[in-house]
Amino acid sequence: MELFKSELYYIFVRNESSLWWNRLTGAFSVRSAWDLSDIEDIECLGITEGIIGKVEHSNIYEPRLMIIKESVPVGQIYFHHTINKIKSICFLNMGSSNQELELCPCTKHGSSVIMANTNKGSNRKMGTRLFENSAFLNKTVGAVKNVSNTIKTTTQQAATQVKQTVKKQRDPKLAERFEKRLTDELHKIFDDSDSFYYSRTLDLTNSLQRQYEIEKILETEEGTGKPITDITRWWKYVDDRFFWNKHMLKDIIALESPNCDEWILPIIQGYVHLSQIAVEPPDANPLNTESFSNSSTCDEKFTLGLISRRSRYQAGTRYNRRGIEPDGKVANYVETEQIVSIICSDSIHRASFVQVRIFE
């Protein structure tokens, strides 16, 4: 998706939708992508892979929007759903100027900037200049409470130290120092752990069995026979235990509009590995060759997948997080699912086996 910056907004554009983040109030709004043509001065900052959510702490940590700077595909599961791993993140500061984001450059606009025009009669013309000589007008646009206890603990510790130290010495540089420390910690969590994954078309939080059960509910309640991945608001059915960035997206979720679905990207922490495995067909049995000729045709390759999902509740090192909460949430709950899928007779056959691990 493309990221733009104006004097008042950060604007994300994906397909025919755009998400506007007000740099003064921090409020989100969803509009048509074509509304960019009404902006007088705008700069294309580059391409981002997705929005993780907003990070803030009142009076200490200026609101920032955490976005995916780089991700790599792990592979495809069920033959057409791509799973990506987050490689690096960056932050958009709400009010103050940003450091170099170093996003992937936009091939449409590069670093084009439109300067505001004092002639009101030409505002519309200036607003659309960004899209001249590009494919933008030739086709449709494009075709931290519970996010983790690790992040929560880091935020609270840094905030407590800032409050205590600033009260004693009243040095604004100390707040900046701890602000930098918190930002660095978040970079370590997302950049160095190689443990955060997402998919735009598949619910990674639910096992194959839970997805099947949800599909049946949807067929009954909504009268549709579509798979869960084909329903626009599929994110509403994710497993809350593994939706790591839910709290960070709460402002967008609170809009409660179908137009927001494009911008809600559930992220899991854990591990994902996918492999394509070739299977040689069995040698023909000279005593019963007819059985092979009548057998159904299956691909010579099947997909073997391993998905581990770590719960966002009671997460942390086993020396700091142990036991069980009154509502049943246990420390370091991890669900691991082994998935096998293969195409036979033009149908996708899937099977999974789920194991659960906890540290009491």
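Computed values, structure above
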| item | result |
| --- | --- |
| Residue 174 at pLDDT 90 or above and either under 24 Å from the mean Cα position of the chain (by Cα) or not acidic (Asp, Glu) (or both) | no |
| Flag if residue 226 is touching a Leu at 6+ places or on another chain (Cβ under 8 Å) and at pLDDT below 95 | yes |
| Residue count, region 304-353 (criterion: in a strand (DSSP E or B), under 24 Å from residue 189 (Cα atoms) and at pLDDT below 90) | 1 |
| Matching option when the condition is outside any strand (DSSP E or B) and surrounded by fewer than 16 Cβ atoms within 10 Å (Cβ to Cβ), among 40, 102 | 102 |
| Residue identified as part of a strand (DSSP E or B) and surrounded by fewer than 16 Cβ atoms within 10 Å (Cβ to Cβ) among 25, 82 | 82 |
| Region 43-68, residues that are in a strand (DSSP E or B) and more than 20 Å from the chain's Cα centre (by Cα) | 43, 44, 57, 61, 62 |
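The values are calculated or read from the model by the stated rules, or taken from the named source; none is laboratory data. What you are looking at is a predicted structure, and each value in this text was computed from that prediction instead of being measured. Positions of Cβ are generated from backbone atoms using ideal geometry, with glycine treated the same way; all protein chains shown enter the neighbour counts.
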